[in-house]
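One structure below.
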Amino acid sequence: MPLAHLHAAVAEERDGIAAEPPVNLERRAAFWNLDCTLVGVADGGPVGLAFVIETPFGFGELGMCVAAEWRGRGVGGALVAAVIDLARERGLHKLSLGVFPHNERAIALYRKFGFVEEGRRIKHIRRQSGDLWDLIDMGLLL
Ligand SMILES: CC(C)(COP(=O)(O)OP(=O)(O)OC[C@H]1O[C@@H](n2cnc3c(N)ncnc32)[C@H](O)[C@@H]1OP(=O)(O)O)[C@@H](O)C(=O)NCCC(=O)NCCS
C-alpha cells in the first residue's frame, strides 16, 4: 500500500507519469508486482520506486517515480542503476521506456545512463483535460 500511495501522489501532479487521479489504491496495491520493483527507502518509508515489466521478447519496460520532496538528490539515479543491474540479472537484452517530451529531468537522467531516443509517438497519451501528449521512446541495450 505505501507504494500505491507514492504512485498516487505523483499521479496527482499530472505531469511526469501517464496515470492521473483518481488512483484506485486498493487495486493498485493488489496488482503491484514486488518481484520486479525496487524501492528507495528513507525515514522508514518509500521515497522512490522503479519497476521493470518483463516481456517474453527479451526487453523490459521501465517505470519509475520519486517523491516530490526527494527529487534532485540522487534517488532517481540510484534506482536507474539498480534497475539496470536487475534487468541484466534477469537476462534481458534491453530496457525501454516512454517519457513525456517536457520531462527534461527524467530525459537527462536516462541519457546519463546511456538510454537513447528511439522515436516519438505523436499525440499518444490522452490526458483527462483532453490534451494529447507526445511520448518519446527511449531504449538501452544491456
Ligand atoms: C524523473 C525522476 C524519477 C528523477 O528522480 P530524481 O531523484 O530527481 O533524480 P536524480 O536526483 O537522481 O537525478 C536527476 C538528474 O537530472 C538533472 N536535472 C534535474 N533537473 C533537470 C532539468 N530540469 N533539466 C535537466 N536535468 C535536470 C539533475 O542534475 C540530475 O543529474 P545529475 O545527477 O547529473 O546532477 C523524478 O523527478 C520523478 O519522479 N519525477 C516525476 C515522475 C516521473 O517523471 N517519472 C518518470 C516518468 S518517465
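Every number in this text was worked out from the coordinates using simple rules, so none of it is lab data. Values in this document were obtained by computation on a predicted structure and should not be read as measured data. Note: ideal-geometry Cβ built from the backbone for every residue, glycine included; neighbour counts use all protein chains shown.
In this entry, Asp43 is excluded by the filter for residues that are exposed (fewer than 13 other Cβ atoms within 10 Å of the Cβ) and on the phi < 0 side of the Ramachandran plot. Selection of helices (runs of 4 or more DSSP H) fully inside the range 16-127 by the criterion of at least 3 residues being touching a residue at least 40 places away in the same chain (Cβ under 8 Å) and within 13 Å of the ligand (Cβ to nearest atom) returns 75-89. Checking each residue in the range 100-142 for being acidic (Asp, Glu) and farther than 18 Å from Ala19 by Cα picks out Glu104, Glu117, Glu118.
All of Ala29, Ala87 fail the test of being of a type in the set (A, V, I, L, M), surrounded by fewer than 17 Cβ atoms within 10 Å (Cβ to Cβ) and on the phi < 0 side of the Ramachandran plot, apart from Ala29. Looking at the structure I just gave you, is Leu6 touching a residue at least 40 places away in the same chain (Cβ under 8 Å), farther than 25 Å from Gly119 by Cα and surrounded by 12 or more Cβ atoms within 10 Å (Cβ to Cβ)? So Leu6 passes the test.
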